[in-house]
Amino acid sequence: MINVGILLSGAVLFLNGLMLKGKAEAKSVAILNFLVGILQIVIPFYLIMISDQSNWTIYGLAATFLFGLTFLYVSVTFYKGMDGSGLGWFSAWVTMIAIFYTLVSIVQFHDYVTALTWLMWAFLWYLFYALNILKKPIEEYVGKVALVQSFVTLTFPALLSFIGMWGDLVIQRLWLVVLSVSILYFIKGAVDLRASQQKQAVS
């Protein structure tokens, strides 16, 4: 059930990326954000209620709420045409939580694939803060990051989990490379964007 939620989150992030790049209309994208956001709130509540109530079980399921609340916030913001300040500050808070999950993945579980995944999500949430609070003109860049992450952190991992391959050592090692290359792509994109903005400021 969790992997289904991960797959649907990939779809939402894909559409959000397209919207930021000007390829999809905000109100139409808001609909999927709302539907998946509701699921990402209801399902983890149910799973927590029937779980063993251990701290690590709740820790794992609670992470889903971060996505559910984000999708719902994005949905209302897009549909109502709000200024995004609330979403921006919420994203700043979630960025800190995502960094915490990154560190726990390393220290407690020695799971570097999950750690890199959380680090990438933390970066994306930070970009939403920069976009909505710092008012940085980075829509195109954020759209690219969202599109890449929709596949490498959500869609493909979910599909590989469905067929029982995600836990394979070879896949995990391969995904360390995939995530590392994605991060390098984000860094290059940020450097290119900054250079372009500086060039425009000079001219």
Could you tell me whether G189 is in contact with a Phe, Trp or Tyr (Cβ under 7 Å, 6 or more places away or on another chain), under 29 Å from A26 (Cα atoms) and surrounded by 12 or more Cβ atoms within 10 Å (Cβ to Cβ)?
yes
Long-range neighbours under 8 Å by Cβ, at least six apart or interchain, first residue farther than 13 Å from K136 by Cβ within region 188-203, second open to solvent by less than 50 Å² (accessible area, probe 1.4 Å)
G189/Y141; G189/V145
Tell me whether region 82-95 contains one or more residues that are out of contact with any helix residue (DSSP H, G or I) (no Cβ under 8 Å at 6 or more places or on another chain) and within 21 Å of L127 (Cα to Cα).
yes
Can you find a residue in region 175-193 that is under 18 Å from V12 (Cβ atoms), modelled with pLDDT of 95 or more and either of a type in the set (D, E, K, R) or out of contact with any Ser or Thr (no Cβ under 9 Å at 6 or more places or on another chain) (or both)?
no
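Given V42, V36, V76, V107, which one is open to solvent by less than 30 Å² (accessible area, probe 1.4 Å) and on the phi < 0 side of the Ramachandran plot?
V36
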Show the residue pairs meeting these rules: Cβ distance below 6 Å; 6+ apart or different chains; first residue within region 41-64 and under 23 Å from T102 (Cα atoms); second residue open to solvent by less than 40 Å² (accessible area, probe 1.4 Å) and among the hydroxyl-bearing types (S, T, Y).
P44/T64; T57/S51
What number of residues within region 52-73 satisfy the criterion of being farther than 20 Å from S9 by Cα and surrounded by 13 or more Cβ atoms within 10 Å (Cβ to Cβ)?
1
Of everything in region 149-175 that's among the aliphatic types (A, V, I, L, M), free of Cβ contacts under 8 Å to residues at least 60 places away in the same chain and in contact with a helix residue (DSSP H, G or I) (Cβ under 8 Å, 6 or more places away or on another chain), which residue is surrounded by the most Cβ atoms within 10 Å (Cβ to Cβ)?
V152
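The values are calculated or read from the model by the stated rules, or taken from the named source; none is laboratory data. Remember, it's a predicted structure, so these values are computed and weren't measured experimentally. All Cβ positions, glycine included, derive from the backbone under ideal geometry; neighbour counts span all protein chains shown. Keep in mind that these areas ignore ligands, DNA and RNA; they rest on the heavy atoms of the full protein, side chains included. Shrake-Rupley method; radii C 1.70, N 1.55, O 1.52, S 1.80 Å.
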